[in-house]
1. Here are some conditions: (1) away from chain B (no Cβ under 14 Å); (2) under 20 Å from residue B:9 (Cβ atoms). Residue A:85 meets all but one. Which one does it not meet?
2. Could you list all residues from segment A:109-140 that are in contact with a strand residue (DSSP E or B) (Cβ under 9 Å, 6 or more places away or on another chain), of a type in the set (D, E, K, R) and not in a loop (DSSP other than H, G, I, E, B)?
3. Being more than 7 Å from chain A (Cβ to nearest Cβ), surrounded by 19 or more Cβ atoms within 10 Å (Cβ to Cβ) and more than 15 Å from residue B:28 (Cβ to Cβ) is the filter here, so list the residues in segment B:53-76 that pass it.
4. Sort out which residues of segment B:1-42 are farther than 17 Å from residue B:72 by Cβ, within 14 Å of another protein chain (Cβ to nearest Cβ) and free of Cβ contacts under 8 Å to residues at least 24 places away in the same chain, and write them in order of number.
5. For a quick check of your reading of the model, give me the residue pairs whose first member lies in segment A:1-19 and is on the phi > 0 side of the Ramachandran plot, whose second is part of a loop (DSSP other than H, G, I, E, B), with beta-carbon atoms closer than 7 Å and at least 6 apart or on different chains.
6. So which residues in segment A:123-143 are small (Gly, Ala, Ser) and more than 7 Å from chain B (Cβ to nearest Cβ), if there are any at all?
7. Would you be able to say whether some residue in segment A:6-16 is part of a helix (DSSP H, G or I), within 15 Å of the chain's Cα centre (by Cα) and not aromatic (Phe, Trp, Tyr)?
8. Just one of (1) more than 14 Å from chain B (Cβ to nearest Cβ); (2) within 16 Å of the chain's Cα centre (by Cα); (3) free of Cβ contacts under 8 Å to residues at least 40 places away in the same chain trips up residue A:40, so point out which.
Amino acid sequence: MSKISVQEQDFDVSRELRAICNGRTDIGATVSFVGLVRDMNLDDSVAGMTLQHYPGMTDKALQKIVSEASQRWEVQDATLIHRVGELRPADQIVLVCIASSHRHDAFEACSFIMDYLKTRAPFWKKEQLKDGSSRWVDARESDGHAAGRWEK
Amino acid sequence: MATVLYFARLGEQLKTSSEELSLDEMGTVGKLVDHLQDRGEPWSSEFESGRILVAINQEMSDFDSAISDSDEIAFFPPVTGG
């Protein structure tokens, strides 16, 4: 049922939210999350970033995360889009849309998917700074803690 | 021959993103890592950090996992998507 996409192109949130409801009358709530490129990281000005991924594994990993969310909460449909390639500040990076009968399930499933994606999906960011240098972004310990709270 | 892949910062430091390797007696990821570290720098220090993750045939695995010549084994730093 769910839609998973890894793509270079931008996405349109309202179009994805309409698509996920697609004339259904049994959906009580949709929750969407959009991640954006910030122009600041660790006190440095970010000019842009390159998102690399592991093409053979990314789809599988995302599918697995969405399936797990669907087992834990009532998820009627889900859309997960992650962009790769060259991105600039204010660009959209990631979209999660969840449709459910109840808002609680939709909020929890959306939050779970983002926490797991941050620690389990094979994407890596390389930032270009305003001074012309570039660096790979380090994983944050706080992301590990955020994912860990779902295992309690 | 197993396919061995290196992603992101790791691939950049090792100056290679993929290679074909005959695993011979290397039955686990850990043994393969020992073999790669025997190549000297930068291999030894890149794998020394203890922060390298491994996937076998596109599934997250660990250094105790068994591997064979038909496998695709990928090494990479902790992920930073989203």
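None of the figures in this text is laboratory data; all of them are computed from the coordinates on show. Please read these numbers as outputs of a predicted model, since none were measured by experiment. Cβ: placed from backbone, ideal geometry, glycine included. Neighbour counts: every protein chain shown.
1. Going through the list (1) away from chain B (no Cβ under 14 Å); (2) under 20 Å from residue B:9 (Cβ atoms), residue A:85 breaks only (1).
2. Selection gives A:120, A:125, A:126, A:127, A:135.
3. B:53
4. Once the filter is applied, which keeps residues that are farther than 17 Å from residue B:72 by Cβ, within 14 Å of another protein chain (Cβ to nearest Cβ) and free of Cβ contacts under 8 Å to residues at least 24 places away in the same chain, segment B:1-42 yields only B:12.
5. Note: no pairs meet the criteria.
6. A:132, A:133, A:134, A:142, listed by residue number.
7. yes
8. Condition (2) is where residue A:40 drops out.
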